[in-house]
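To keep things clear, I will list the structure first and then write my remarks on it.
The values are calculated or read from the model by the stated rules, or taken from the named source; none is laboratory data. Everything numeric in this text was worked out from a predicted model, so none of it was measured. For neighbour counting, all protein chains shown are included, and Cβ atoms are generated from backbone atoms with ideal geometry for every residue, glycine included.
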Amino acid sequence: MPSGGHPSSSRVGRSTGASLRPYHRRRNVRVAVAGDVAEAEEIQEILRSAGIDAEIADGEEDSVTVSVPEGDVEHAQDAIEAMTEPEDVIGEP
């Protein structure tokens with residue numbers, strides 16, 4: 001053991017052969033692609049106000065993606081649709 005009395009971090013979990021996999025990793029699904037960080041953060045706030053945990057990440061080229069847990073996809077889509085102006089929605093007639 002190091003002088004501090006704690007096992008080194010490289011040895012944690014090795015003595016029992018325990019797996020270091022997450023306990024219940026939830027798969028996130030992309031629900032929106034924003035043009036910039038500000039827009040992504042606005043969508044993230046809409047989702048959080050609806051009680052949905054949302055993450056933003058770099059997308060392709062200059063875009064930013066917004067993702068939610070797989071079980072919240074439908075609720076997230078409804079929240080985004082309800083909180084955005086019709087002219088803000090791209091790709092719908």
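State whether the residues of region 70-86 include one that is over 22 Å from the mean Cα position of the chain (by Cα), modelled with pLDDT under 95 and either exposed (fewer than 14 other Cβ atoms within 10 Å of the Cβ) or among the hydroxyl-bearing types (Ser, Thr, Tyr) (or both).
As a first pass, look at region 70-86 and keep what is over 22 Å from the mean Cα position of the chain (by Cα): 85-86.
The next check asks that each one be modelled with pLDDT under 95; those that pass are 85-86.
Those still in the list that are either exposed (fewer than 14 other Cβ atoms within 10 Å of the Cβ) or among the hydroxyl-bearing types (Ser, Thr, Tyr) (or both) too: 85-86.
Yes.
Could you please let me know if Ile52 is outside any loop (DSSP other than H, G, I, E, B) and either touching a helix residue (DSSP H, G or I) at 6+ places or on another chain (Cβ under 8 Å) or at pLDDT 95 or above (or both)?
Details: outside any loop (DSSP other than H, G, I, E, B): no; either touching a helix residue (DSSP H, G or I) at 6+ places or on another chain (Cβ under 8 Å) or at pLDDT 95 or above (or both): yes.
Criteria not met by Ile52.
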- Item | Failed criterion for Gly13 (all others in (1) surrounded by 13 or more Cβ atoms within 10 Å (Cβ to Cβ); (2) at pLDDT below 50 hold) | (1)
